[in-house]
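Only one structure is covered here, and it is reproduced in the block below.
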Amino acid sequence: MNESDRPLFLVVTIKPRLDRMAEAEAQLQSMRRNTLTEPGCVFMHLVQPQDDPETWVMLEMFRSRAAWDEHMRQPYNTEGNIILQDLLREPSDLRLFDEK
């Protein structure tokens, strides 16, 4: 199986501005709802560490790198990420993973 055919896992660490947490969550949930309709999205969950409620994590799985690349081109994603810039304390940390 080549790289473009393998499932792609993502862990995105998100640090919303404390004074705009509700707005940040609403934006992320909107983006998540749209993403879940994509055929290449297997799952996407917005979770919160029990020991750090001011940091969130988005856990994602796409059928392939190509599916994720297509996801990244969607207007609700590109425009949503621009909106998020003002709602976050710092840029999100994105890590990509391959299944072993």
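The values are calculated or read from the model by the stated rules, or taken from the named source; none is laboratory data. All values derive from a computational prediction rather than experimental measurement. All Cβ positions, even for glycine, are placed from backbone atoms using ideal geometry, and neighbour counts span all protein chains on display. The protein model used for the area step is the full one, side chains on, heavy atoms only, and it has no ligands, DNA or RNA in it. Shrake-Rupley method; radii C 1.70, N 1.55, O 1.52, S 1.80 Å.
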Quiz prompt | Cβ-based charge dipole, the chain, positive-most Cα from Asn77, Leu18, Val42 | solution = Val42
Practice problem: Only helical DSSP H runs with n ≥ 4 go in: add -39500 (n - 2.57) per run for the chain, normalise by residue count and round the 222 nm mean residue ellipticity to 500 deg cm²/dmol. | Solution: -10500 deg cm²/dmol
Self-check item: In region 66-100, the GluC sites (Glu not before Pro) that fall in loop regions by DSSP, at most 10 other Cβ within 10 Å
Solution: Glu99
Exercise. With a probe of 1.4 Å, find how much accessible area region 3-46 has per residue, and write the answer as a whole number in Å².
Key: 53 Å²
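Give me the dipole magnitude in Debye, nearest 20, for the chain about the Cα centre, with unit charges on the beta carbon: positive for Lys and Arg, negative for Asp and Glu.
Values: 12 positive and 18 negative charges, 32 e Å.
Roughly 160 debye, rounded to the nearest 20.
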Quiz item: For region 8-59, what % of the accessible area comes from carbon and sulfur atoms, probe 1.4 Å?
Solution: 53 percent
Quiz item: What list of ³J(HN,Hα) values in whole Hz, one per residue of region 85-100 in order, does the Karplus curve 6.51 cos²θ - 1.76 cosθ + 1.60 (θ = phi - 60°) give from phi, with Gly and Pro shown as x?
Solution: 3, 7, 9, 10, 6, 7, x, 5, 9, 10, 10, 9, 10, 10, 6, 9
Quiz item: Can you run phi through the Karplus equation (6.51, -1.76, 1.60; θ = phi - 60°) for region 44-56 and list ³J(HN,Hα) in whole Hz, with x for Gly and Pro?
Solution: 7, 10, 9, 10, 10, x, 5, 9, 8, x, 8, 10, 10
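Expressed in nm to one decimal, what extension gain is obtained for the pair Glu70 and Thr37 from 0.36 nm per residue of sequence separation less their Cα-Cα distance?
Working: separation 33, 0.36 × 33 = 11.88 nm, distance 1.27 nm.
Between Glu70 and Thr37, full extension yields an extra 10.6 nm.
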Quiz prompt | Cα-based helix-to-principal-axis angle, 21-35 vs the chain, degrees rounded to 10 | solution = 20 degrees
Quiz item: How high is the relative contact order of region 1-99, in percent, with contacts defined as C-alpha pairs under 8 Å that are six or more residues apart?
Solution: 47 percent
Self-check item: Calculated FRET efficiency for the pair Ile82/Leu18, C-beta based, R₀ 25 Å, to 0.05
Solution: 0.75
Practice problem: Please report, in debye to the nearest 20, how large the charge dipole of region 1-45 is about its Cα centre when each Lys and Arg carries +1 at its beta carbon and each Asp and Glu carries -1 there. | Solution: 160 debye
